[in-house]
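Some notes on the structure that comes next.
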Amino acid sequence: MTHLQERGHLLTEQVNPNSLNLDQLSSLEFVELFNSEDLKAVEAVAAAKIQLAQAIDRTAERLRQGGRLFYIGAGTSGRLGVLDAAECPPTFCTPPELVQGIIAGGAGALVRSSEDLEDRAEDGETAIATRHVTQLDVVVGITAGGTTPFVHGALNAARQRGAMTIFIACVPATQVQFEADIDIRLLTGPEVLAGSTRLKAGTATKLTLNILSTGVMVKLGKVYGNRMVDVAVTNQKLRDRALRILQDLTGLSREAAGFILERSGKWVKLALLMHWTGLEKDAGDRLLSKHQGNLREAVESYKNNNQP
C-alpha cells in the first residue's frame with residue numbers, strides 16, 4: 001500500500017458529496033457552493049475555542065518571560081504560518097525574531113511547490129535545533145492532514161527541548177493522534193475540490209492563526225482598546241493611521257497629534273502616555289518598561305501614584 005493510499009481515510013482527503021458535479025455547475029452555482037462550504041471553516045474554529053483560548057494564554061505567558069513563537073509547516077500550512085509571522089512586526093512593532101514562520105524547503109517554498117520536502121522528519125528536527133529552541137519557546141505545528149513528517153519531527157524535537165507544543169490539524173484525533181501540549185482540531189470536512197486543503201482547511205487555519213497571534217499580542221499589551229498602539233510608523237499610510245489613533249483617543253487636532261507623535265519618536269503608545277500623564281519621552285519610556293509595555297497599566301499606575 002502506498003503512502004497516498006494510506007491517507008485516503010483522512011477527513012481532508014475524502015470526497016465531498018455536495019460537489020460531485022463541480023465541473024457541471026454554472027459560475028453562480030459554483031460561487032454559492034463555495035460560500036456555503038466556507039461557512040464550515042468558521043464553525044470549525046468556533047468548535048475549537050477552548051483549546052485556542054488556552055493556546056493564547058499559555059503562549060503569552062511564555063513570550064512574557066522572553067520566549068518566542070514558531071509556526072512550522074509544509075506547503076499551504078507552512079505559507080500561512082510564515083504569513084502570520086511576517087505580519088506581526090508591522091502590526092505590533094515586534095522584533096522579527098519574536099514570531100517566526102518555518103516552512104519545509106525554506107524561503108523558496110513560499111513561491112514554488114516543494115511538497116516533496118514535507119516527508120523529511122529530520123529536516124523538521126534540524127529547523128528546531130538551528131533556532132536553538134528552549135523551554136521558554138512555543139512551537140505550533142500546522143498540518144491539515146495531520147501526518148506531515150516535517151511537522152512531526154519538529155514538534156518532537158521541540159518537546160525534547162522543553163518547549164510548549166501546539167498541534168493544529170484538520171482531521172479528528174481518532175484518525176491521527178499526536179502528543180502535544182495543546183491539540184487544536186479544525187474539522188472543516190471534505191474539500192469542494194477533493195484533497196485541496198488550501199481551501200476550507202487553509203481558511204480555518206488562517207482564521208486560527210489570526211486569533212492566536214492577535215490574542216497573544218493583546219495579552220502582551222500591544223493593543224489599547226481595539227487600537228494598534230504599537231503600530232510601526234514606517235510609511236505614509238501607517239503615519240496616517242497613527243495620527244487617527246491619537247486624534248480619536250485624545251481629541252487632539254491633527255497638527256497637535258503630529259507634534260506629540262514626533263516627540264515620542266513616532267511611537268503611538270508612548271505618545272498617548274506622554275499626553276495622558278504629562279511625562280517627557282524618557283520618563284514615559286521608563287514607565288512603560290516597568291509595566292512591560294502595557295499602556296493601560298502604566299497610565300493607571302501613574303494616576304494612582306500621583307493623586308492630589
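The values are calculated or read from the model by the stated rules, or taken from the named source; none is laboratory data. Just so we're clear, the structure is a prediction, and the values are computed from it rather than from any experiment. As a convention, Cβ positions derive from the backbone with ideal geometry for all residues, glycine included, and neighbour counts pool all protein chains shown.
Just to be sure I understand the filter: pairs with C-beta atoms under 7 Å, separated by 6 or more residues or on different chains, first member in the range 111-136 and assigned to a loop (DSSP other than H, G, I, E, B), second member among the β-branched types (Val, Ile, Thr) and modelled with pLDDT of 95 or more. Which pairs pass?
Val133/Val139
In the set Leu193, Leu209, which member is outside any loop (DSSP other than H, G, I, E, B), surrounded by fewer than 24 Cβ atoms within 10 Å (Cβ to Cβ) and hydrophobic (A, V, I, L, M, F, W, C)?
Every option except Leu209 fails the conditions.
Looking for whichever is outside the structural domain of Glu118 (by TED's automatic domain parsing) and either among the small types (Gly, Ala, Ser) or more than 20 Å from the chain's Cα centre (by Cα) (or both) here; the options are Ala163, Ala242, Ala201. Which one fits?
Of Ala163, Ala242, Ala201, the one residue that is outside the structural domain of Glu118 (by TED's automatic domain parsing) and either among the small types (Gly, Ala, Ser) or more than 20 Å from the chain's Cα centre (by Cα) (or both) is Ala242.
State whether one or more residues within the range 20-32 are under 21 Å from Ser196 (Cβ atoms), in contact with a helix residue (DSSP H, G or I) (Cβ under 6 Å, 6 or more places away or on another chain) and not β-branched (Val, Ile, Thr).
no
Condition check ((1) assigned by TED's automatic domain parsing to the domain that holds Pro90; (2) under 15 Å from Arg62 (Cβ atoms); (3) of a type in the set (Phe, Trp, Tyr)) across all residues:
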| residue | (1), (2), (3) |
| --- | --- |
| Phe150 | yes, no, yes |
| Ala154 | yes, no, no |
| Ala180 | yes, yes, no |
| Ser213 | yes, yes, no |
| Tyr224 | no, no, yes |
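Looking only at the range 245-289, which residues are within 22 Å of Gly221 (Cβ to Cβ), in a loop (DSSP other than H, G, I, E, B) and over 26 Å from the mean Cα position of the chain (by Cα)?
Ser264, Gly265, Gly278, Leu279, Glu280
Out of Thr126, Thr134, Thr143, I need the residue that is in the same structural domain as Arg198 (by TED's automatic domain parsing), more than 16 Å from Ala55 (Cα to Cα), touching a Cys at 6+ places or on another chain (Cβ under 9 Å) and of a type in the set (Val, Ile, Thr). Which one?
On inspection, the qualifying residue turns out to be Thr143.
Exactly one of (1) in contact (Cβ under 8 Å) with a residue 24 or more places away in the chain; (2) among the hydroxyl-bearing types (Ser, Thr, Tyr); (3) in a helix (DSSP H, G or I) is unmet by Ser36. Its number?
It fails just one condition, (1).
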